[in-house]
Amino acid sequence: MKKALDRFSQQSKTYKTYRPTYPEELFKYIYSFCKARNTCWDCGTGNGQVAAILSRSFDRVFATDISQEQIHNAIPKPNIYYSVQRAERTTFPNHYFDLITAAQAVHWFDLPSFNMEVNRLLKPNGVVAIWGYGLLKVNPQIDDIIHHFYKDIIGKYWDKERGHIDQNYSTILI
């Protein structure tokens, strides 16, 4: 299994403040595939932003991250159970989850190991929902400036895992 990359502990408070949110329509769409809403696992939860939304619709939400600092700064809710665990190796029982989510996180995981863990943990007819977001698009003139800055100025500093985001996760095999 590849080494876990913790890129977000140092700035966990800032991350919580400025991380983009996701539209309610996304969650409604995901829920439309769920046969049950008892247990959910939000892996790579970061500050618990997605876990907090899931907690409105699931009885119990288990949210994990490799960063103790992210978990320390996570959004508290009575039915969210936070823990520091790798997405590829958890302590959860087999076939436990109705829904498994990874929002803007799966590109950091060791994918073969994560796939095995998902197969172990997902209930029959359970749902896996993985999503992320790319660059902001405003209009062609501003988009060109953003793209130039992203690719030509800071591009060489991105981790290689960022490439999965740039390819809209089409390079991720689950």
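Out of the total accessible area of region 62-174 (probe 1.4 Å, heavy atoms of protein only), what percent is carbon and sulfur?
Here carbon and sulfur together make up 57 percent of the probe-accessible area.
Taking Rg and Dmax of the Cα atoms in Å straight from the coordinates, which label in (1) 16.4, 54; (2) 16.4, 51; (3) 15.7, 56 is the correct one?
From the options (1) 16.4, 54; (2) 16.4, 51; (3) 15.7, 56, the structure gives (2).
Just to check I understand the Karplus step: with θ = phi - 60° and J = 6.51 cos²θ - 1.76 cosθ + 1.60, what whole-Hz values come out for region 130-140, glycine and proline as x?
After applying 6.51 cos²θ - 1.76 cosθ + 1.60, I find 10, 8, x, 9, x, 6, 5, 10, 10, 7, x Hz.
Can you list which of the trypsin sites (Lys or Arg not before Pro) found in region 84-174 are DSSP loop residues with at most 13 other C-beta atoms within 10 Å?
Lys137, Lys160
Build a GNM of the chain with springs between Cα atoms under 10 Å: which of Trp131, Trp41, Trp158 gets the top mean-square fluctuation?
For the chain, modelled as a Gaussian network with Cα springs under 10 Å, the answer is Trp158.
Relative contact order for region 90-132: what percent, with Cα pairs under 8 Å and sequence separation of 6 or more?
Over region 90-132, the number comes to 62 percent.
Report, in degrees rounded to the nearest 10, the 0 to 90 angle that the Cα long axis of helix 111-121 makes with the longest principal axis of the chain.
With both axes taken from Cα atoms, the answer is about 30 degrees.
Leaving ligands, DNA and RNA out of it, rank Leu111, Leu99, Leu135 by accessible area with a 1.4 Å probe, largest first.
Leu135, Leu111, Leu99
Could you tell me the relative contact order of the chain? Use alpha-carbon pairs under 8 Å, at least six residues apart, and round to a whole percent.
20 percent
Which whole-number percent is the relative contact order of region 82-174 (Cα, under 8 Å, 6+ apart)?
The value is 32 percent.
Among all lysine pairs in the chain that are eight or more places apart or on different chains, how many have alpha carbons less than 23 angstrom apart?
Close lysine pairs under the 23 Å cut-off: 14.
What accessible area per residue, rounded to a whole number of Å², is obtained for the chain using a probe radius of 1.4 Å?
58 Å²
Counting only DSSP beta bridges with both residues in the chain, tell me the antiparallel percent, nearest 5.
In the chain, DSSP labels about 5 percent of beta bridges as antiparallel.
The values are calculated or read from the model by the stated rules, or taken from the named source; none is laboratory data. Small disclaimer: the values here were computed from a predicted structure and weren't measured. FYI the Cβ positions are ideal-geometry reconstructions off the backbone, even for glycines, and counts take in every protein chain you see. Ligands, DNA and RNA are excluded from the accessible area calculation, which covers all protein heavy atoms including side chains. Shrake-Rupley method; radii C 1.70, N 1.55, O 1.52, S 1.80 Å.
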